[in-house]
Amino acid sequence: MAGNSQRRNRRTSNKKGAQVGSGGKRRRSLEGKGPTPPASMRKGHVKNRVANAKAKHAARKPVARRGGKGAAEMVVGRNPVFEALRDGVPASTLYVQQFIDNDERVREALQLATGRGNVNIMEAPRPELDRMTNGLNHQGLVLQVPPYEYAHPEDLAAAAYDDGDDPLIVALDGVTDPRNLGAVVRSVSAFGGHGVVVPERRAAGMTAGAWKTSAGTAARTPVARATNLTRALESYKKAGLTVVGLAADGESEIGELDALGGPVVIVVGSEGKGLSRLVGETCDFRVRIPMPGGAESLNAGVAAGVVLYEAARRRMA
């Protein structure tokens, strides 16, 4: 009898429902947790990262930073000097050989330099021009191009945020041809981008050739120089940008990546080697450009233009 009574008590104690001493825990566990917070408030979401970056940027005090200066450059020869002046390459001084044959090209170069109003024109004996150009065939005309003033990588994103825009930046990894750099600058300007980032070493800089290829757009599109490109990309990620690398074996196609419509830095590698290992590992996404024609790769200028168009299309949609 005692055993039966104990079994009945155990069955009674296992009844469902609130019991004395539960503190209402079961009731509270049934209560909802409220509406799902917006993406900008969910920790880890890309929109939360962007919102935090914008808040930090709004709160910080502006700090003047520069990416350093390039080297001065000499453009030599009658046609190259004329073309540089015609295409808007910055110049400080035009050196003209004494007693030079005053042909049409010389007259046109002098007219362009005089029309700028800020280019010094100096006569110099031939031996002096030979010394300045290390014996190159200068044909009596030498144009001095001043060092380029590079921006700081962080300033490109900061300027975009200041204007209320999502940053659109192109970074070049291992691109050594100045003409490719000039073409990328031109594409960035055409599609509403905010600048180009190049590494300090083993990369093309803003030479006279890059200026010419940019077709004048280098005057309004900043180029920043990074001491370490990987660290610069990590800094962009902290500032709320998505890092997208172009790779022939990318996991998705550019048309499938929604991130191109937001704050983004597009990384373009060299035509031969592509992205370096560390830079590739830093990218949030690696995407490819579909090429039905079967070409193995595109040069940096063309590849950047294709992706910038897709980014601009998404932003205008």
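Numbers for the structure displayed
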read-out: For HIS152, distant residues with modelled amide H under 5 Å away; value: GLY67
read-out: The stretch 166-317: C-alpha gyration tensor shape, a/c 1.5 cut-off, then a/b vs b/c; value: rounded
read-out: Semi-axis lengths (Å, descending) of the ellipsoid that matches the C-alpha gyration tensor of the stretch 159-212; value: 22, 12, 8
read-out: Per residue, in Å², the accessible surface of the stretch 110-155 once ligands and nucleic acids are set aside, probe 1.4 Å; value: 57
read-out: Overall Cα dimensions of the stretch 206-279, principal axis frame, Å, largest first; value: 37, 29, 25
read-out: In range of the label at ASP162: residues from the stretch 218-255 whose backbone nitrogen is under 14 Å from the point 7 Å along Cα→Cβ; value: 222
read-out: Per residue solvent-accessible surface (Å²) - the stretch 218-299, probe of 1.4 Å; value: 49
read-out: Among PRO290, GLY280, GLY250 - extreme Cα towards positive end, dipole of the stretch 227-317, charges at beta-carbon; value: GLY280
read-out: Inter-probe distance in nm under a simple model that places probes 7 Å from Cα toward Cβ, at GLN111 and LEU136; value: 2.6
read-out: Label-to-label distance, nm, for residues given as ALA190 and ALA215 (7 Å Cα→Cβ offset); value: 0.6
read-out: Computed P(r) (all Cα pairs; the stretch 65-140; 5 Å bins; percent); value: 3, 15, 27, 25, 17, 7, 4, 2, 1, 0
read-out: Separation of alpha-carbon centers, the stretch 207-281 and the stretch 64-123, rounded to whole Å; value: 32
read-out: Rounded to the nearest 20 debye, dipole of the stretch 126-282 from Cβ charges on Lys, Arg, Asp, Glu; value: 780
read-out: Share of carbon and sulfur in the accessible heavy-atom surface of the stretch 228-317 [1.4 Å probe, %]; value: 51
read-out: Carbon/sulfur fraction of accessible area - the stretch 66-220, other protein chains in place, 1.4 Å, %; value: 45
read-out: Point-to-point label distance, SER235-ARG201, nm (Cα→Cβ direction, 7 Å offset); value: 1.8
read-out: Contour excess over end-to-end distance, with Cα ends at MET291 and LEU278 and 0.36 nm allotted per residue; value: 2.1 nm
read-out: Linear extension gain, SER252 paired with GLN98, 0.36 nm per residue minus alpha-carbon span; value: 49.3 nm
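The values are calculated or read from the model by the stated rules, or taken from the named source; none is laboratory data. All values derive from a computational prediction rather than experimental measurement. Reconstructed Cβ throughout: ideal geometry from the backbone, glycine too, with neighbour counts over all protein chains shown. Each accessible area value is taken on the protein alone, full model and side chains, heavy atoms only, with ligands, DNA and RNA left out. Shrake-Rupley method; radii C 1.70, N 1.55, O 1.52, S 1.80 Å.
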